[in-house]
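Below: the structure, in structure tokens.
The values are calculated or read from the model by the stated rules, or taken from the named source; none is laboratory data. Computed from a predicted model, the values in this text were never measured in an experiment. Cβ atoms come from the backbone with ideal geometry, glycine included; neighbour counts cover every protein chain shown.
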């Protein structure tokens, strides 16, 4: 049984079915009021468009085919979350850290999961509920089983079979896309206007290659992006998708990548990469304590998913290769009302996200203790630890306990900084709401209970 693969770009639908090694394709533009930028706005109208395509591509009843969406990341959230060793309530700590990174998105508006990818590091993936519910409703209206919703960006590191830090430069649809992969997951993904020049894309790649790391990334993969200008320091590899007997696959790269991953790496269906698995269903995790409702209109699909078991034959195409997903590629948390279990996963040493540099912080010290010279003493203490102190001054008000205020985008440093200060500055109050417009990253107001030398 072959999947009906549907990839979405802008307002366009590109669908394909693989038949005897031949990729049969069909495409259609939709009204932006029906579908726009990863969001199905009118499920019945969208299903009507897709129904005609499916009847044209699928032999026999379309209900005998499974439906898979290959999606971009307009409605997705990819984040890496770092938690400190010894956190008493790990799950609550992870959720707390995630909330600080969502940039205005509410966690309750997402279906999400996170998995451990390295010591103290977790890959978070979320999809907006409105987007996921749209895929479910369309599958119900078509009378097809929704097998998978696969973000194509997340499949790239799995396709090349590397957990190493890498940058992918892609052209999918009308816009260039840049993806930074860490530990086989996605640390950063961004799409850009088509008129952005290759030189501008190159500058972005150069910045990403050295972002918060001692050793720059030196490997760049290109996917359907002929304009990449090779520069010194990068080992560049073009990603070639396997050939089928279809002569022209232009525009269907996501479909072919999705089909390939489904057939050559069937584990992807049961992994975090399949966003169907982040729905809070008993079939996904037997230790689910409660189920978040997704609407009565998708009940038939959810029941089908509960009894679903995947697996297709190997894709009969040239240049086939086996792909192994890393151990632990199973979602551990499905929603805030689900109990998560930690598992052992592939560990990559010297991961740059974990390797926090003290010199990355710009610190201002204010003396709120009433003790002369304490700001200068604190500056000396911090510099001995390797921190960078930009300025010192006297606080407007005196206080008893020391206050540490830090910007949200630097919160991963707060445990390290608090630990270094704990001996001389007891009972530190930590707040992560420092004004982002300030020139410094951390404000340390020393309190009167400081232990002087």
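Within this structure, residue 389 fails the test of being in a strand (DSSP E or B) and at pLDDT below 90.
Here the condition is being on the phi < 0 side of the Ramachandran plot, at pLDDT 90 or above and crowded, with 21+ Cβ neighbours inside 10 Å; of 122, 114, 135, it holds for 135 alone. Checking 358, 388, 405 one by one, the residue that is touching a residue at least 12 places away in the same chain (Cβ under 8 Å), crowded, with 19+ Cβ neighbours inside 10 Å and under 30 Å from residue 188 (Cα atoms) is 405 and no other.
So for the stretch 410-418 (the condition being loosely packed, with under 13 Cβ neighbours inside 10 Å and either outside any loop (DSSP other than H, G, I, E, B) or at pLDDT below 90 (or both)), does at least one residue qualify? No, the stretch 410-418 contains no residue that is loosely packed, with under 13 Cβ neighbours inside 10 Å and either outside any loop (DSSP other than H, G, I, E, B) or at pLDDT below 90 (or both).
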